[in-house]
1. Is it the case that Arg32 is more than 14 Å from the ligand (Cβ to nearest atom), surrounded by fewer than 17 Cβ atoms within 10 Å (Cβ to Cβ) and either modelled with pLDDT of 90 or more or aliphatic (A, V, I, L, M) (or both)?
2. Between a first residue in region 27-49 that is free of Cβ contacts under 8 Å to residues at least 40 places away in the same chain and polar (S, T, N, Q) and a second residue that is surrounded by 12 or more Cβ atoms within 10 Å (Cβ to Cβ) and part of a loop (DSSP other than H, G, I, E, B), which pairs have beta carbons less than 9 Å apart while being 6 or more apart in sequence or on different chains?
3. Does Leu26 count as touching a Phe, Trp or Tyr at 6+ places or on another chain (Cβ under 7 Å), within 10 Å of the ligand (Cβ to nearest atom) and of a type outside the set (Asp, Glu)?
4. Can you confirm whether Glu78 is outside any helix (DSSP H, G or I), more than 16 Å from the ligand (Cβ to nearest atom) and under 22 Å from Arg3 (Cα atoms)?
5. Do we find that Arg15 is surrounded by 16 or more Cβ atoms within 10 Å (Cβ to Cβ), out of contact with any His (no Cβ under 9 Å at 6 or more places or on another chain) and of a type in the set (Lys, Arg) in this structure?
6. Which of the following residues is in contact with a helix residue (DSSP H, G or I) (Cβ under 8 Å, 6 or more places away or on another chain), within 14 Å of the ligand (Cβ to nearest atom), of a type in the set (Ser, Thr, Tyr) and closer than 19 Å to Phe6 by Cβ: Tyr102, Tyr44?
7. Keeping to region 57-82, report how many residues are surrounded by 12 or more Cβ atoms within 10 Å (Cβ to Cβ) and not β-branched (Val, Ile, Thr).
8. Answer yes or no as to whether Leu99 is within 22 Å of Asp115 (Cβ to Cβ), within 14 Å of the chain's Cα centre (by Cα) and part of a helix (DSSP H, G or I).
Amino acid sequence: MTRVPFNEAYSRAIRLRCPRCGQGELFAGFFRMHERCSGCGMKYEREPGYFLGSIYFNYGWTAMSMSFLYIVLRYVFELPNSYVVPPLLVYVVVVPTVLHRYSRAVWLAFDCHFDHTDLPDVANPAENQPEATTSDSAGV
Ligand SMILES: [Zn+2]
């Protein structure tokens with residue numbers, strides 16, 4: 001199994017596509033993700049709570065940009081706190097909501113690049129589909 005180059009996986013993530021093949025869309029709606037890639041069959045949520053790590057990206061981007069904005073508005077433009085803080089409170093609610101999809105996509109690309117041990121093989125997409133369950137498998 002080959003490792004997906006990080007810049008390629010990252011580029012696909014920015015377009016909200018599967019980091020492995022670049023074909024399947026990650027999201028079915030604004031918040032709802034597809035379970036699997038329509039191109040290669042990779043399961044996006046590899047385990048329960050998998051996307052918890054995306055919160056680190058989302059928090060980091062929001063905190064860094066908000067801090068930068070605060071410093072610029074407060075010390076470059078010398079605005080009082082009463083003018084700076086209320087819009088930044090709105091900012092810290094709106095921006096993570098907007099970046100939610102991108103943080104998940106980047107997290108998936110990041111993890112897909114660095115930990116590809118249990119990822120399905122792109123070359124054999126038929127093997128990546130979930131196994132069919134048989135109703136009479138328990139009976140002897
Ligand atoms: Zn894919």
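The values are calculated or read from the model by the stated rules, or taken from the named source; none is laboratory data. Computed from a predicted structure; not experimentally measured. Methodologically, a virtual Cβ is constructed for each residue, glycine included, from the backbone with ideal geometry; neighbour enumeration extends over all protein chains shown.
1. yes
2. Ser38/Cys18; Ser38/Gln23; Ser38/Gly24
3. So Leu26 passes the test.
4. Numbers: outside any helix (DSSP H, G or I): yes; more than 16 Å from the ligand (Cβ to nearest atom): yes; under 22 Å from Arg3 (Cα atoms): no.
Judged against the criteria, Glu78 is not a match.
5. Against the criterion (surrounded by 16 or more Cβ atoms within 10 Å (Cβ to Cβ), out of contact with any His (no Cβ under 9 Å at 6 or more places or on another chain) and of a type in the set (Lys, Arg)), Arg15 does not qualify.
6. Values: Tyr102 fails: within 14 Å of the ligand (Cβ to nearest atom).
Exactly one residue qualifies, and that residue is Tyr44.
7. The number of residues fulfilling the criteria is 12.
8. When the stated conditions are applied, Leu99 does not pass them.
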